[in-house]
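The values are calculated or read from the model by the stated rules, or taken from the named source; none is laboratory data. As the structure is a computational prediction, the values presented were derived from the model and not from experiment. A quick note on method: Cβ atoms are made from the backbone with ideal geometry, for glycine too, and the neighbour counts reach across all protein chains shown. Side chains included, ligands, DNA and RNA excluded: accessible areas come from the protein's heavy atoms. Shrake-Rupley method; radii C 1.70, N 1.55, O 1.52, S 1.80 Å.
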Amino acid sequence: FISFRHLLYGRPITIIRNGKIDQKQMRRARLSVDDLVEAMRAEGIANIRDVGLAVLETNGNVSVIDKKDADVSEIIISDGEFDTQVIKRLRLTKKEVLKAIKEKSEKELFLVMREKDGKYYKVKRDCK
């Protein structure tokens, strides 16, 4: 099930994680090295090895976070939907995540994030 928003705008695409470029994602996003380096310079980062995270956002901007500031949480569930790419990369299953957060279904959740230390942060949906 793909939400209308994701269908219309897509999802953010991680281009660099911990100084490693994902060339497949760069090609998929049609992002050039020049575009990437320009975004890095805008954040004062000169070396790709110093990038903790670079993400092509759904609005077309590239967000770049310095490695020293990249204590990044992973969004596992957003608006009641699992991000299958994230759980696959983290080598988790939906069942494992639901068990860890003591929930039966993701549909009742607004947001679930997994911290670097493996702890989870969850926000339930409002009943409105």
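Once the dipole of the range 63-128 is set up with Lys and Arg at +1 and Asp and Glu at -1 on Cβ about the Cα centre, which of Y120, A100, V86 lies farthest towards its positive end? Positive-most Cα among the choices belongs to A100. Adding -39500 (n - 2.57) for every DSSP H run of four residues or longer, then dividing by how many residues the chain holds, sets the calculated 222 nm ellipticity at -7000 deg cm²/dmol.
P(r) tail for the chain, what percent of Cα pairs lie past 20 Å? Display every interim value, and only then the final one.
Details: 4071 of 8128 pairs.
For the chain, the fraction of Cα-Cα distances above 20 Å is 50 percent.
For the chain, with all protein chains in place and a probe radius of 1.4 Å, 50% of the accessible heavy-atom surface sits on carbon or sulfur.
Probe radius 1.4 Å, ligands and nucleic acids left out: which of I48, I15 has the largest accessible area, and how do the rest follow?
Numbers: I48 45, I15 0 Å².
Ranking I48, I15 by accessible area, largest first, yields I48, I15.
Helix 33-42 versus the longest principal axis of the chain: what angle, 0 to 90°, nearest 10, using Cα atoms? Here the helix axis deviates by roughly 80 degrees.
Of the GluC sites (Glu not before Pro) found in the range 39-120, those in coil by DSSP whose Cβ has at most 13 other Cβ atoms within 10 Å are E57, E115.
Heavy-atom accessible surface of D117, to the nearest 10 Å², is about 110 Å², with a 1.4 Å probe and all protein chains retained. Solvent-accessible area per residue in the range 29-102 equals 63 Å², computed with a 1.4 angstrom probe and all protein chains kept.
Put simply, the Cα atoms of the range 81-128 extend 33, 19, 17 Å along their principal axes, the longest span coming first. Placing unit charges on each Cβ (+1 for Lys and Arg, -1 for Asp and Glu) gives the chain a dipole about its Cα centre, and among G19, M40, V64 the Cα reaching farthest toward its positive end belongs to G19.
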